[in-house]
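Asks: Would you mind keeping the following structure in view while I ask a few things?
The values are calculated or read from the model by the stated rules, or taken from the named source; none is laboratory data. What you are looking at is a predicted structure, and each value in this text was computed from that prediction instead of being measured. In this analysis, Cβ positions are derived from the backbone assuming ideal geometry, glycine residues included, and neighbour counts consider all displayed protein chains. We work out accessible area using only protein heavy atoms, side chains counted, and drop any ligands, DNA or RNA first. Shrake-Rupley method; radii C 1.70, N 1.55, O 1.52, S 1.80 Å.
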Amino acid sequence: MLVYGSMLTVKRKVVKRLTELTKKAENVKLSDDGTKVIILDQEKLPNVEEYLELDNAEDIYEAIFRLKVRGAPAIGICAGYGIYVLARQIDTEDFDTFYREFKEKKDYLDSSRPTAVNLSWALNRMERVVLNNREKTVAEIKDLLLAESRKIQAEDVEMCRAISEHGLSLLKDGDGILTHCNAGPLATSKYGTALGPLLLGKERGMEFHVFADETRPLLQGARLTAYELQKAGVDVTLICDNMTGLVMKNGWVNACLVGCDRIAANGDAANKIGTSVVAVLAQYYHIPFYVLGPTSTIDIHCPTGDDITIELRDPEEIKSKYYREPSTLPEVKCYNPAFDVTPHELITGIVTEHGVIRAPFKENIAKLFEEHPEK
Ligand code: MRU
């Protein structure tokens, strides 16, 4: 196979190397004194590694909205720490006043991005802590919020590990894998979801040949997935989104692994725009197509993919963001949805921390939620 990158010497300005992201949860954390959320600015990767300290509602909102922190689980973790940081700034002993201000900030953060369910899921968990402890002092409630936000992250580490194990059980050493967008450690806490099996397999001496779609328009595949896999020593080849069909036709792909932002109760799965195209192609070429994500990404209250709100973003992301000069005339209309929904009929399996869910998805997802009620 001809791999163009191997013929080039690429000079990069990497300020500091990523600190073994597969081993540490470093992309989102709380400062030691609990006053700030610290995030690795994903907007600047892969060329600059810069951490941002966020201590007010506008900056936290902006970081999520501009994808400085992104990936469904990572957004949830950031929101959990974020609402804690904001809650500790509320200066009152009166529960009603505290709750009113808490709720205002919570709703504001919740409005930063609409599609990834983990955002509202984490914020609702934090709100339940407040409401279930109204007999306690505000100081005690703040302590409980701190514990809950840490728990959200710790659980994510466990979930990603379990997803990685289940995902790895579906693969063979030497497999060719295609992935879209970024569902690695940067998008979660550790290991990631779709990249988790590949990173775990690598730790165990397995070799995979991964094709990373560049993922227009914000290039999460090129900037983040290729970066994470390359650093981890996994064989990765970057392709443009419209090359997916060709690598499949050539027989280079044994399985597709993608993440998810919201899975409806019937198994329809929203993920980065272009994912459904990969799924259609995978079906045509008889390649298994797996969606990997924690159960926190399943929205049991959302009946089908048609009920998922799809975020529309600034046309400039398509027209100019990654070009030295605009790629089109300023007056050209653009349609820039951030996600699409893959119908469950195209999905071979949904890999959660509890195992692999297969068709019939509606029944099997309902069963999973009976066995593991929502947190
Ligand atoms: O717009 P983004 O970059 O937040 O979109 C992210 C994705 O679509 C990921 O695949 C998804 O959040 C899963 S991350 C484990």
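Asks: Going by amide H atoms built from the backbone, whose H comes under 5 Å of the H on residue 210, apart from near neighbours?
Replies: Under 5 Å from the amide H of residue 210 lie the amide H atoms of 177, 235, 236, 237, each far enough along the sequence or on another chain.
Asks: List, in order, the whole-Hz ³J(HN,Hα) value for each residue of region 120-128 obtained from phi through the Karplus relation with A = 6.51, B = -1.76, C = 1.60 and θ = phi - 60°; use x for Gly and Pro.
Replies: 6, 4, 5, 5, 5, 4, 5, 5, 4
Asks: Which of the peptides 211-218, 38-45 is most tightly packed, and how do the rest follow, going by the mean number of other Cβ atoms within 10 Å of each residue?
Replies: Going from most to least packed, we get 211-218, 38-45.
Asks: Of the peptides 99-112, 281-294, how do they stack up when ordered by the mean number of other Cβ atoms within 10 Å, highest first?
Replies: Ranked by mean Cβ neighbours within 10 Å, highest first: 281-294, 99-112.
Asks: Right, another one. Would you mind checking the pairs 103/362; 29/321; 272/319; 36/106 and listing those with alpha carbons more than 21 angstrom apart?
Replies: 103/362; 29/321
Asks: Using a basic spin-label model with each label point 7 Å from the Cα along Cα→Cβ, how many nm lie between residue 325 and residue 151?
Replies: If labels sit at residue 325 and residue 151, their model points lie 5.7 nm apart.
Asks: What ³J(HN,Hα) values, in whole Hz, does the Karplus curve 6.51 cos²θ - 1.76 cosθ + 1.60 give for region 253-268 when θ = phi - 60°, with x put for Gly and Pro?
Replies: Per residue, the Karplus-derived 3J(HN,Hα) values read 10, 9, 7, 9, 10, 9, x, 7, 10, 7, 10, 6, 4, 9, x, 4 Hz.
Asks: Now a separate question. Compute the length gained on full extension between residue 169 and residue 310: take 0.36 nm times their separation in residues and subtract their Cα-Cα distance, giving the result in nm to one decimal.
Replies: Using 0.36 nm per residue and subtracting the Cα-Cα distance, I get 47.6 nm.
Asks: Could you run the Karplus curve 6.51 cos²θ - 1.76 cosθ + 1.60 with θ = phi - 60° over region 62-68 and give me ³J(HN,Hα) per residue in whole Hz, x for Gly and Pro?
Replies: With the stated coefficients, region 62-68 comes to 4, 4, 6, 4, 8, 6, 5 Hz.
Asks: If you don't mind, another one. Could you order 149, 327 by accessible surface area, starting with the largest, using a probe radius of 1.4 Å?
Replies: Accessible-area ranking of 149, 327, largest first: 327, 149.
Asks: Using amide H atoms built 1.01 Å from N in the peptide plane, name the residues 5+ places from residue 339, or on other chains, whose amide H lies under 5 Å from its own.
Replies: Excluding prolines and chain starts, which carry no amide H, the hits are 273, 311.
Asks: Given a 1.4 Å probe and heavy atoms of the protein chains only, how would you sort 206, 243, 126, largest accessible area at the top?
Replies: 243, 206, 126
Asks: How many nm separate the modelled label positions at residue 97 and residue 204, each set 7 Å beyond the Cα in the direction of the Cβ?
Replies: Each label point lies 7 Å from its Cα, and together they span 5.6 nm.
Asks: Still on this structure, please answer the following. With just the Cα atoms defining each centre, how far is region 324-349 from region 162-181? Give it in Å.
Replies: Region 324-349 and region 162-181 have Cα centres separated by 26 Å.
Asks: Please compute the modelled spin-label separation between residue 354 and residue 252, points set 7 Å along Cα→Cβ, answer in nm with one decimal.
Replies: Inter-label distance under the simple model: 3.8 nm.
Asks: Taking N as the number of residues in region 162-371, what is its alpha-carbon radius of gyration divided by 2.2 N^0.38 Å?
Replies: Dividing the Cα Rg of region 162-371 by 2.2 N^0.38 Å gives 1.00.
Asks: Assuming R0 = 35 Å, what is the FRET efficiency of residue 286 and residue 161, from their Cβ-Cβ distance, to the nearest 0.05?
Replies: Computed FRET efficiency for residue 286 and residue 161: 0.70.
Asks: Can I ask one more? Would you mind getting me the FRET efficiency between residue 143 and residue 108? Use the beta-carbon distance for r and R0 = 22 Å, nearest 0.05.
Replies: After rounding, the FRET efficiency stands at 0.40.
Asks: Next up: With the contact rule set at Cα under 8 Å and sequence spacing of 6 or more, what percent relative contact order holds for region 26-160?
Replies: 23 percent
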